[in-house]
Amino acid sequence: MRFWALTIVAASVLSQAGATSEAAEHIAETYDFVVVGGGTAGLALASRISVGLPNSTVLVIEAGPDGRQEPGIYIPGRKGSTLGGKYDWNLTTIPQPSVNNRTFAQNRGKVLGGSSALNLMSWDRTSIAELDAWEKLGNKGWNWKTLYPAMLKAETFLPSPEYGTEGVGKSGPIQTLISRIFPKHQSSWIPTLNNLGLITNGESLNGHSVGVSTQPNNVSPNYTRSYAPEYLKLTKDNLALKLDTRVAKVNFEGKTATGVTLEDGTIVQARKEVILSAGSFQTPGLLELSGIGNATHLRKLGIPIVKNLPSVGENLSDHIRIQSSYQLKPEYPSFDVLKNTTRAAIELAAYNAGQVSLYDYTASGYAYFPWDIVSNDTAAKFRTLVQGDASLTSAVYKVKKSYLSPPLSSTVPQLEVIFSDGYTGLKGYPAANSSLFGIGTFSLIGVVQHPLSKGHVHIDSRNISDKPIINPNYLSHPYDLQAVTNLAKFLRTIASTAPLKDVWTEEYEPGKAVQSDEEWNKYALANTLSIYHPVGTAALLPEEDGGVVDSNLRVYGTKGLRVVDASIIPLLPSAHIQTLVYGIAERAADLIIRNHM
């Protein structure tokens, strides 16, 4: 692998157990560019800079290890198995008052590749209008016309009869395909949504995403996860990696970033730029630790102020999801058979031998649609609710309001539903000693695309080992609870519509006991989850509108410091965020290369 030709700086030299940011400082090394975070954006960005500026040196500092030899990461059918483990930051929210005071997991990758190593490999794209809105919010040059080719640059799609030719890349490092594992019962997915009034969309990644489709996943033709470390195969000898190493703060001379201090006090200098790619929860924390944030909060923690920027860590937004599951008729075997250890061993042996295996599987049935597919009355109800809310006055909220009215209400999806083979939910699959153990199921996962609740993330101490305080304020806006409740009901409607209704016998979750509006509301409060798409905490917006970075992704009030990751996304897209994060990194690399040529 090309990676082994890179320079890997031994972390043990630079990060001693028990060391803190208060340790004695000494200068270890100097690079032109220091990228903090070797995740989805960080590796894509650093690799492109390495190629585009071959006479400059680039260092990527990643807090986690290299997980490319980890089966839980590279085997598609093991998706989700690494969540909550050693490759995860294992962050959580504070109790959420509007959701039964529940605490939510906030899984993020602590491993080379970041969350691209942990995600479920969904590969889709938002609508044209949503990216054009970025420029209308004051971000010159950030629109569909610039971001679409940047996203395409990241991928190489393996042609498939299930997909057309538009909307997919042909020469990028991330490989994508439509899975060769297609459950028999999934053949009912598209015609069922057609019967509910949703069109079939054979090219759903071209900016026109409304419709039901079979979509790609970021999986290589040899059926391994294709993710951010693939970019390292492009790099030159001018890129170095420092793994298992944490950054304590960014260093400044006046307002100019000069490098970073590591956890043990070691200083790494940057001749040209420091670039934060630590993600939506930890990029704002690093900014705060470095003296950039709400001055009142930083003074309480004893942090010297570099720039009073109260929007750091604010504007946190995240997709919310609800799910249901159904017991399949015996003639429809499902992914659940892998819960049988004997069958799992057989399938794993087939996978390891390069044969077709259930471990190839990733979900490929997706639908994106507006509220009027649920019903015209529902669409009208939500339009009235949101348009009549006088508290939604910010520039971002005004854009979200526009999505619910013509003409955008027909082209900007408000809802996503994923057809997933096997069980997903909070009830849990039947225990091994249960009479139901061994049943086959499928799940419908519904996602609200534009929730109106927003929250924040902030540090609570100067100790980088203390986890950030994360408060998304889930379901705090009335629209969000009503939206997720109506979506949960619609999942039952989908499952009960022909031909999908003919493949199952019982609704496993929530079950027929849930019928009344009150019962649906109670189910939503107990079962709403995050789908792990946090954005907005270092937003790409004008400073007066809550922005943290300008149109060149430079942090306001500083020099030599940029942010390149999901935290800059000002508006949640109606899609999973990984293709957009790759696109942001690709576009940022172009900006940086042109700036330093």
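The values are calculated or read from the model by the stated rules, or taken from the named source; none is laboratory data. Owing to the predicted nature of the structure, the values given are computational and were not obtained by experimental measurement. Here the Cβ positions follow ideal geometry from the backbone for every residue, glycine too, while neighbour counts run over all protein chains shown. Areas reflect the complete protein model, heavy atoms only, side chains present, ligands, DNA and RNA absent. Shrake-Rupley method; radii C 1.70, N 1.55, O 1.52, S 1.80 Å.
Couple of notes before you dig in:
- Only one entry of Arg271, Arg246 meets the criterion of being closer than 23 Å to Gly67 by Cα and open to solvent by 40 Å² or more (accessible area, probe 1.4 Å), and that entry is Arg246.
- Extreme residue, farthest from Thr362 (Cα to Cα), among residues of the stretch 193-238 that are of a type in the set (S, T, N, Q) and over 21 Å from the mean Cα position of the chain (by Cα): Asn238
- Restricting the first member to the stretch 545-564 and to residues that are within 19 Å of Ala395 (Cβ to Cβ), and the second to residues that are open to solvent by 10 Å² or more (accessible area, probe 1.4 Å) and of a type in the set (S, T, N, Q), the beta-carbon pairs closer than 8 Å and six or more apart or on different chains are Asp545/Ser394; Gly546/Ser311; Gly546/Asn315; Gly546/Ser394; Gly547/Ser311; Val548/Ser311.
- Residue pairs whose Cβ atoms lie under 9 Å apart, separated by 6 or more positions or on different chains, with the first residue in the stretch 362-375 and within 15 Å of Leu196 (Cβ to Cβ) and touching a residue at least 12 places away in the same chain (Cβ under 8 Å) and the second open to solvent by less than 30 Å² (accessible area, probe 1.4 Å) and of a type in the set (Asp, Glu), are Gly365/Asp421; Tyr366/Asp124; Tyr366/Glu416; Ala367/Glu416; Tyr368/Asp124; Tyr368/Glu416; Phe369/Glu416.
- Number of positions in the stretch 224-240 that are in contact with a Phe, Trp or Tyr (Cβ under 8 Å, 6 or more places away or on another chain), buried (at least 24 other Cβ atoms within 10 Å of the Cβ) and either free of Cβ contacts under 8 Å to residues at least 60 places away in the same chain or over 15 Å from Arg48 (Cβ atoms) (or both): 1
- When residues in the stretch 325-347 are screened for being out of contact with any Lys or Arg (no Cβ under 6 Å at 6 or more places or on another chain), of a type in the set (A, V, I, L, M) and in contact (Cβ under 8 Å) with a residue 12 or more places away in the chain, 2 of them pass.
- Cβ-Cβ under 8 Å pairs, at least 6 apart or on other chains, the stretch 570-597 side in contact (Cβ under 8 Å) with a residue 40 or more places away in the chain, far side open to solvent by 20 Å² or more (accessible area, probe 1.4 Å) and aromatic (Phe, Trp, Tyr): Gly583/Tyr148
- Filtered residue count, the stretch 178-215, keeping only those that are open to solvent by less than 10 Å² (accessible area, probe 1.4 Å), assigned to a loop (DSSP other than H, G, I, E, B) and among the aliphatic types (A, V, I, L, M): 2
- Counting only strands (runs of 3 or more DSSP E) that sit completely within the stretch 249-368, those holding 1 or more residues that are aliphatic (A, V, I, L, M), in contact with a His (Cβ under 7 Å, 6 or more places away or on another chain) and within 30 Å of Gln414 (Cα to Cα) correspond to 320-328.
- Among residues of the stretch 415-432, those that are without any contact (Cβ under 8 Å) to a residue 24 or more places away in the chain and open to solvent by less than 40 Å² (accessible area, probe 1.4 Å), counted: 2
- Only one entry in Gly169, Gly141, Gly164 is without any contact (Cβ under 8 Å) to a residue 60 or more places away in the chain and surrounded by fewer than 20 Cβ atoms within 10 Å (Cβ to Cβ), namely Gly164.
- In a residue-by-residue description of the stretch 578-588, the property of being open to solvent by 10 Å² or more (accessible area, probe 1.4 Å) and of a type in the set (S, T, N, Q) applies to at least one position.
- Test: residue in the stretch 502-513 that is farther than 16 Å from Gln323 by Cβ, open to solvent by 60 Å² or more (accessible area, probe 1.4 Å) and in contact with a Ser or Thr (Cβ under 8 Å, 6 or more places away or on another chain): yes
- The set of residues in the stretch 433-466 being surrounded by 17 or more Cβ atoms within 10 Å (Cβ to Cβ) and not in a strand (DSSP E or B) consists of Ile439, Gly440, Gln449, His450, Pro451, Leu452, Ser453, Lys454, Ile459, Arg462, Ile464.
- Qualifying residue in the stretch 354-368 (condition: open to solvent by less than 60 Å² (accessible area, probe 1.4 Å), more than 26 Å from Ser81 (Cα to Cα) and aromatic (Phe, Trp, Tyr)): yes
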